[in-house]
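The values are calculated or read from the model by the stated rules, or taken from the named source; none is laboratory data. Note that the structure is predicted; figures quoted are calculated from it, not measured. With ideal geometry, Cβ positions are generated from the backbone for all residues, glycine too; neighbour counts draw on all protein chains shown.
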Protein chains: 2
Amino acid sequence: MARWEPNTRERLVRAALDLFSEQGYDATTVSEIAERAGGLTKMTFFRYFPDKREVLFAAGQEIHSRLLADAIAAAPGPATPLQAVAAGLDALTGTFTDDRRELAARLRAVIAANAELRERATFKKAGLTEAVREALAKRGVPELTASLAAELGIGAYYRAFEQWADPAGQQTLTELTRQALEQLRAATATLG
Amino acid sequence: MARWEPNTRERLVRAALDLFSEQGYDATTVSEIAERAGGLTKMTFFRYFPDKREVLFAAGQEIHSRLLADAIAAAPGPATPLQAVAAGLDALTGTFTDDRRELAARLRAVIAANAELRERATFKKAGLTEAVREALAKRGVPELTASLAAELGIGAYYRAFEQWADPAGQQTLTELTRQALEQLRAATATLG
């Protein structure tokens, strides 16, 4: 039954990821996810997520957008657009401690295996890009520059995430993202 | 009945757009679209599109990706990455004659009104970006540069499309896209 527990949301996410990994996304029902999350009911699930798909995205998208936007807003006044983006990325990637690496690898595998999830993941990426763009616009960054800086920053984050989710990796997500951002910035000089 | 006509696909797209505009996307059935397209059956619809949503995206995504990729492949050997992208965009935007402007405006309005369609549109944009990136990679453009050039090019195309779909506009989509690409390129110098 749906006793109150502080980490219900987190348990639902982990249960969903377990079941999607074991038996596939399509074959898994919301009831099974709730049951696996410690004998919860479907009703409890729907207090946290609108549907089965959102269990993998909704929480992350909201929390990550806020982490990015808040840190970009708090960056020092003289920071360049890319420096402000870097501050946002540091805040975001700092929350990905090493114990989440294995979870990230499984999330990546589950999404790669399902067209519906790949589509949703693309929409999440666009949502994060939009959050960064908006936060930069609020700092007075001109529109085109804000769009570009947002694309570069989120592009760097996703590239770094791919590397970080590899279990053989050694570097933190923060280090990898900083490197990727610098590489993308340098590549702008090679467009012709 | 499903007599063979060369423009069945096009008629289905227009019928869908009409109905989505009139009564909304959610309220429209595949049978209604087929009927409106000249008394076709649901079965005929499904020979062209896998579902109701794809009627607005499938054809465009496939054809547009091919136009971009072919023209990028055919660009002169010494072309820079952005010059090759510009050649791809010229080939794509050249197909948007002025009589399609009104259709584009309605498509934009229908997509903006529905979350599911907005998500699919974002996925299409990512698909076009990927097609450009791949075509550049085949020319030997290094991976980061190819990704950046693809983002800039498709970003320019979508910005230009927004302006072009405005009925008050005068310029062609090709002109608007060239201008947007040049503006985005210039903005890379302002990232900091």
Open item on the list: Give me the residue from segment B:77-87 that is hydrophobic (A, V, I, L, M, F, W, C) and in a helix (DSSP H, G or I) and, out of that set, surrounded by the most Cβ atoms within 10 Å (Cβ to Cβ).
Closed with: B:85
Task: Those residues of segment A:159-174 which are surrounded by 15 or more Cβ atoms within 10 Å (Cβ to Cβ) and assigned to a helix (DSSP H, G or I), in sequence order - done: A:159, A:160, A:161, A:163, A:164, A:173, A:174
Open item on the list: Let me spell it out: the conditions are (1) within 22 Å of residue B:9 (Cβ to Cβ); (2) within 14 Å of chain A (Cβ to nearest Cβ); (3) touching a residue at least 60 places away in the same chain (Cβ under 8 Å), and residue B:81 meets all of them except one. Which number is the exception?
Closed with: (1)
Open item on the list: Suppose the filter is modelled with pLDDT of 95 or more, part of a helix (DSSP H, G or I) and buried (at least 16 other Cβ atoms within 10 Å of the Cβ); does residue B:71 pass it?
Closed with: yes
Open item on the list: With the requirement that a residue be among the acidic types (Asp, Glu) and more than 15 Å from the chain's Cα centre (by Cα), what does segment A:150-192 give you?
Closed with: A:166, A:175, A:182
Open item on the list: Quick check on segment A:109-120. Is at least one of its residues modelled with pLDDT under 95, within 13 Å of the chain's Cα centre (by Cα), in the same structural domain as residue A:177 (by TED's automatic domain parsing) and of a type outside the set (Lys, Arg)?
Closed with: yes
Open item on the list: So residue A:135 ticks every box in (1) assigned to a helix (DSSP H, G or I); (2) more than 10 Å from chain B (Cβ to nearest Cβ); (3) under 30 Å from residue A:28 (Cα atoms) but one. Which box is left unticked?
Closed with: (3)
- [ ] Sort out which residues of segment B:111-132 are surrounded by 18 or more Cβ atoms within 10 Å (Cβ to Cβ), more than 23 Å from residue A:159 (Cβ to Cβ) and more than 10 Å from chain A (Cβ to nearest Cβ), and write them in order of number.
- [x] B:111, B:117
Task: Number of positions in segment B:138-149 that are more than 19 Å from the chain's Cα centre (by Cα), within 7 Å of another protein chain (Cβ to nearest Cβ) and surrounded by 24 or more Cβ atoms within 10 Å (Cβ to Cβ) - done: 1
- [ ] Confirm whether residue A:63 is surrounded by fewer than 20 Cβ atoms within 10 Å (Cβ to Cβ) and in the same structural domain as residue A:167 (by TED's automatic domain parsing).
- [x] yes
Open item on the list: If I ask for residues that are in contact (Cβ under 8 Å) with a residue 40 or more places away in the chain and either away from chain A (no Cβ under 14 Å) or over 22 Å from residue B:99 (Cβ atoms) (or both), which ones from segment B:155-175 would you list?
Closed with: B:156, B:161, B:164, B:165, B:166, B:167, B:169, B:172, B:173, B:174
Open item on the list: I'd like to know if segment B:88-101 contains one or more residues that are surrounded by 15 or more Cβ atoms within 10 Å (Cβ to Cβ) and modelled with pLDDT under 95.
Closed with: yes
